[in-house]
Structures are given as structure tokens and as C-alpha cells.
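K.L.:
Can you read through this structure? Questions will come right after.
The values are calculated or read from the model by the stated rules, or taken from the named source; none is laboratory data. Since we're looking at a predicted model, the values are computed, not measured. Ideal geometry is used to build each Cβ from the backbone, glycine not excepted, and the neighbour counts take in all protein chains shown. We work out accessible area using only protein heavy atoms, side chains counted, and drop any ligands, DNA or RNA first. Shrake-Rupley method; radii C 1.70, N 1.55, O 1.52, S 1.80 Å.
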Amino acid sequence: HTFDAEVAHPLHGNPFRPEVTIVMDAATRRLVGWSVDVAENALTVMDAVTMGIREDGLGSILYSDRGAGFKSKLMTDEHVGLLKRLGMTLQLGKARNPPAHVIVERMHQTVFVRLAKKLPTYRGAAMDQDAKERVYKLTRKAIKEGSDKTPLVPWGRFIESVRQAVHWYNHD
């Protein structure tokens, strides 16, 4: 899921929209694993899966969309892939079949879109175009002028916000 607000990039501080990868227990609807990164990739997916195992135990099936990070050789290779080594089976959702992903999409709305709307750099679908442009121009102007008054959330604070949002979803 591409996060619906811009945050400060962890390396150079420029605005960008990070990727949030989650692992959800289908039976309990708990978010058991998550990871954030500059893009969805195999390492981010592996991080979310291993967090899920650490927090909730080993599952037998990992159901996923057709994202490249989930289908990578690091995950699926018959000899060295994480899933094979753990004895898990990857089940991919049917392409272009949004109803198959309703549970996860609803959770994204509940947790991550809700979190994004709390940030001053929210750029989601619910925001009107004029407001999006004002936020965009404000962040770019602050960066160009070298101002430390940019509305961008620093990377570390963003990760902590995600951690708190996941805790809220699972426990409140």
C-alpha cells in the first residue's frame, strides 16, 4: 500500500510516499506483521512476514496480491526461498479481482488512511485538488528555502506513528 501522505525520505529528507506492507491473520483480522520502506520489495515483504511469525507464530498459507515483493525468488524459490524454508504455501489472489482483497483494503482504510489524514501532508483521494496543491507547494517551498519548518514528518516519527496505529487497531 502506498501511504497517502508524504513523509521525509530517510536518506535525503525530500518528500515521498512510503510503502506499507502488512501481514494480517485472516481468522482474527489482527495485523501481525508490518514493514515500511521506500518501495515494496522482497526484503520489505520478508520483514513483514518474519515480524508476523515472531508476533503470532507460523502460518501455513500466505495469501497475497500479485505484488512483486511477494512473488520474488527470495520468497518463492524452491531451494532458498523463505516460504519453502518455513514450510508455508504462497497463495496469490486472482488478478484484477478487488473483492478478493476486501478485508485487507478495509484494514488499510481503517488504519493507514486514517493515520495519513492526521498528517499535514495528506494527499489522499478524500482531499480536494486545491488543498493537495497547497500542501505540495508548501513542502517544496520549505525545502527549497532550506527551512526547518517543513510539515514533513521525519522518518523515525513516521515509523513510530505506524507502530502506534497498528497497536490501536489490534488492541483498542
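K.L.:
Given the criterion touching a residue at least 60 places away in the same chain (Cβ under 8 Å) and not in a loop (DSSP other than H, G, I, E, B), identify the matching residue among Val32, Val49, Val45, Val36.
P.N.:
Val36
K.L.:
Right, another one. On the basis of being farther than 30 Å from Ser60 by Cα, over 19 Å from the mean Cα position of the chain (by Cα) and aliphatic (A, V, I, L, M), does Leu83 make the cut?
P.N.:
Details: farther than 30 Å from Ser60 by Cα: no; over 19 Å from the mean Cα position of the chain (by Cα): yes; aliphatic (A, V, I, L, M): yes.
So Leu83 does not fit the description; no.
K.L.:
When the residues of segment 119-153 are narrowed to those that are among the charged types (D, E, K, R) and touching a residue at least 12 places away in the same chain (Cβ under 8 Å), which ends up nearest to Asn170 (Cα to Cα)?
P.N.:
Selected residue: Arg123.
K.L.:
Is it fair to say Lys149 is over 16 Å from Met24 (Cβ atoms) and either of a type in the set (A, V, I, L, M, F, W, C) or not in a helix (DSSP H, G or I) (or both)?
P.N.:
Judged against the criteria, Lys149 is a match.
K.L.:
Go through Leu90, Leu74 for me and flag whichever is of a type in the set (A, V, I, L, M, F, W, C), in a strand (DSSP E or B) and either modelled with pLDDT under 85 or more than 29 Å from His9 (Cβ to Cβ) (or both).
P.N.:
Of the residues listed, the single one that is of a type in the set (A, V, I, L, M, F, W, C), in a strand (DSSP E or B) and either modelled with pLDDT under 85 or more than 29 Å from His9 (Cβ to Cβ) (or both) is Leu90.
K.L.:
Output the number of residues of segment 1-46 satisfying the condition of being under 27 Å from Asp172 (Cβ atoms), modelled with pLDDT under 90 and open to solvent by 50 Å² or more (accessible area, probe 1.4 Å).
P.N.:
6
K.L.:
Name the single residue that is nearest to Ile22 (Cα to Cα) among those in segment 112-155 being hydroxyl-bearing (Ser, Thr, Tyr) and at pLDDT 90 or above.
P.N.:
Looking at the filtered set, the residue picked out is Tyr122.
K.L.:
Just for segment 124-172: of the residues that are farther than 19 Å from His12 by Cβ and of a type in the set (Lys, Arg), which one is most open to solvent (accessible area, probe 1.4 Å)?
P.N.:
Arg134
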